[in-house]
Structures are given as structure tokens and as C-alpha cells.
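The block underneath contains the structure these notes are about, expressed in C-alpha cells.
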Amino acid sequence: MLQTRYEGVEGYLKNVVGLTDDDIATIRKNFLVPAPLSPTGPKPLPLARS
């Protein structure tokens, strides 16, 4: 529903909640951290940025 109506979560946060691009960037900075590398597992995917 969010994807169809608001073009995703970011669209909802901007158009309904009223957050700015800077607000969303701050949230990403505070909540998204790179996964630690595992010596036995695959490399983590890079964080998506829009």
C-alpha cells in the first residue's frame, strides 16, 4: 500500500508525516550501520541510498 499510494516509505514520511530530506538522512545515519564482515560468510551488501 505504501509503495502504491506514496511511492514508498520515504514518500509517506515526506508527504504525510512532513519529514524533510535532512530528517530522513539523519534517521538513516542513526539507525543504519554496516554489518560486520564475517570471515566465513559472504560480504554484506552496501546500504541503499536514495
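Each value in this text was obtained by applying a stated rule to the coordinates, not by laboratory testing. This is a predicted model, so every value here is computed, not measured. Every residue, glycine among them, receives a Cβ derived from its backbone with ideal geometry; neighbour counts consider all protein chains shown.
Taking amide H positions as placed in the peptide plane 1.01 Å from N, state which residues far from residue 8 in sequence (5 or more) or on other chains have amide H under 5 Å from it.
3
Given the Cα-Cα distance of residue 24 and residue 47 and 0.36 nm per residue of separation, how much length would full extension add, in nm?
Working: separation 23, 0.36 × 23 = 8.28 nm, distance 1.44 nm.
Fully extending the segment from residue 24 to residue 47 adds 6.8 nm.
Quick one: net charge around residue 19, please, counting Lys, Arg +1 and Asp, Glu -1 for every other residue with C-beta under 13 Å from its C-beta.
-2
By how many nm would the segment from residue 35 to residue 6 lengthen if fully extended, with 0.36 nm per residue of separation less the alpha-carbon distance?
Result: 7.5 nm gained on full extension.
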